[in-house]
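In what follows, a single structure is set out as structure tokens and then discussed.
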Amino acid sequence: MKTNRELQIDVLDAIRWEPLLKLAEIGVDANDGIVTLSGVVDSYIKKSQAEVTAKKITGVRAVVEKIVVKFNNDDEKSDSEIATAVLNALKSNRDIPFDKIQVEVENGRVTLDGKLEWNHQKEAAQKSASNIDGIKVLTNNIKIETDNADDIEKAGIERAIERNWSMNNQDVQVYVSGNRVTLNGIVHSFYQKEVAERMAWNAPGVWAVNNELIIDYNE
């Protein structure tokens, strides 16, 4: 079990090792596995990368992200410019049904809305938008709804999780109710928790995944 200081140092070192974050002024506080990120960066993609990096560190159970995006005057974009850039990015991505997504921008805060059939399309929209200059906050409110009338295959999700090399025979319980999937059990890392959720999202007919997996590095 890492001490708070050891975990803080590991997260800081990982952030500084990322080329995108080398010069970023990011502070890290650790308390019983809960890591809080603070500071100021000059792009949303750096803010997002810091959170992703922290989640990969052994011992991190939760991440509280308080990083602020602040631009130099020359880098400030109008809401109209941001909206145009986001729409163009979504339109150029072939994985995204562009006509099913609505974009709202207010004071540099971007919100994505709409309904898509697959979670990978929602993630693609998030990734495309996050690279746009001028964004301070990105909220992805896209909902997943499918016309697939088949029942969700619980056993299929379980097999997909079991055969993934990273899961290492973790005991993950899958529960299905209508179009919703709930995951319970214990895993050893944020990565395993996210892999299990991604496997669940890949099942046809899934509208929502409630990921209740607990991270326990001592198991």
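Selection within region 182-219: residues that are of a type in the set (Asp, Glu) and under 18 Å from the mean Cα position of the chain (by Cα). The member of this set that is modelled with the lowest pLDDT is GLU194.
Here are ILE142, ILE132: which of them is in contact (Cβ under 8 Å) with a residue 40 or more places away in the chain, under 15 Å from the mean Cα position of the chain (by Cα) and surrounded by 15 or more Cβ atoms within 10 Å (Cβ to Cβ)?
Numbers: ILE132 fails: under 15 Å from the mean Cα position of the chain (by Cα).
From the options ILE142, ILE132, the qualifying one is ILE142.
So, in region 55-104, exactly how many residues are within 16 Å of SER43 (Cβ to Cβ) and touching a residue at least 12 places away in the same chain (Cβ under 8 Å)? Steps first, answer last, please.
Narrowing region 55-104 to residues within 16 Å of SER43 (Cβ to Cβ): 65, 67-77, 81-82, 85-86, 89.
From what's left, touching a residue at least 12 places away in the same chain (Cβ under 8 Å): 65, 67-72, 75-77, 81-82, 85-86, 89.
Total satisfying the criteria: 15.
Condition first: of a type outside the set (A, V, I, L, M, F, W, C) and in contact with a Phe, Trp or Tyr (Cβ under 8 Å, 6 or more places away or on another chain). Now tell me which residues in region 109-150 satisfy that. Selection gives ASN119, HIS120, SER130, GLY134, LYS136, LYS143, GLU145, THR146. On the stretch given as region 34-56, residues that are open to solvent by 60 Å² or more (accessible area, probe 1.4 Å), under 19 Å from TYR217 (Cβ atoms) and not aliphatic (A, V, I, L, M) total 1. Scanning region 186-216 for residues that are farther than 19 Å from LYS143 by Cα, open to solvent by 20 Å² or more (accessible area, probe 1.4 Å) and assigned to a strand (DSSP E or B) gives ILE186, ILE214. When GLN102 is tested against (1) surrounded by 19 or more Cβ atoms within 10 Å (Cβ to Cβ); (2) polar (S, T, N, Q); (3) touching a Gly at 6+ places or on another chain (Cβ under 9 Å), just one condition goes unmet, and that condition is (1). Scanning region 9-33 for residues that are under 15 Å from LYS56 (Cα atoms) and open to solvent by 40 Å² or more (accessible area, probe 1.4 Å) yields ILE9, ASP10, ASP13, ARG16, TRP17, GLU18. Residues being at pLDDT 90 or above and small (Gly, Ala, Ser): count how many of those fall in region 156-171. Residues that pass the stated criteria total 2.
Okay, residues lined up against (1) within 19 Å of LYS55 (Cα to Cα); (2) of a type in the set (Phe, Trp, Tyr):
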{"site": "ILE152", "(1), (2)": "no, no"}
{"site": "TYR175", "(1), (2)": "no, yes"}
{"site": "ARG180", "(1), (2)": "no, no"}
{"site": "ASN184", "(1), (2)": "no, no"}
{"site": "ALA196", "(1), (2)": "yes, no"}
{"site": "ASN202", "(1), (2)": "no, no"}
{"site": "VAL209", "(1), (2)": "no, no"}
{"site": "ASP216", "(1), (2)": "yes, no"}
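Scanning region 161-183 for residues that are open to solvent by less than 50 Å² (accessible area, probe 1.4 Å) and either closer than 14 Å to ASN211 by Cα or in a strand (DSSP E or B) (or both) returns ILE161, VAL172, VAL174, VAL181, THR182, LEU183. In this structure, LYS127 does not satisfy being basic (Lys, Arg), crowded, with 17+ Cβ neighbours inside 10 Å and part of a helix (DSSP H, G or I).
The values are calculated or read from the model by the stated rules, or taken from the named source; none is laboratory data. Here the structure is a predicted model, which is why all the values come from computation and not from measurement. No Cβ is skipped: glycine too gets one built from the backbone with ideal geometry, and neighbour counts run over all protein chains shown. We work out accessible area using only protein heavy atoms, side chains counted, and drop any ligands, DNA or RNA first. Shrake-Rupley method; radii C 1.70, N 1.55, O 1.52, S 1.80 Å.
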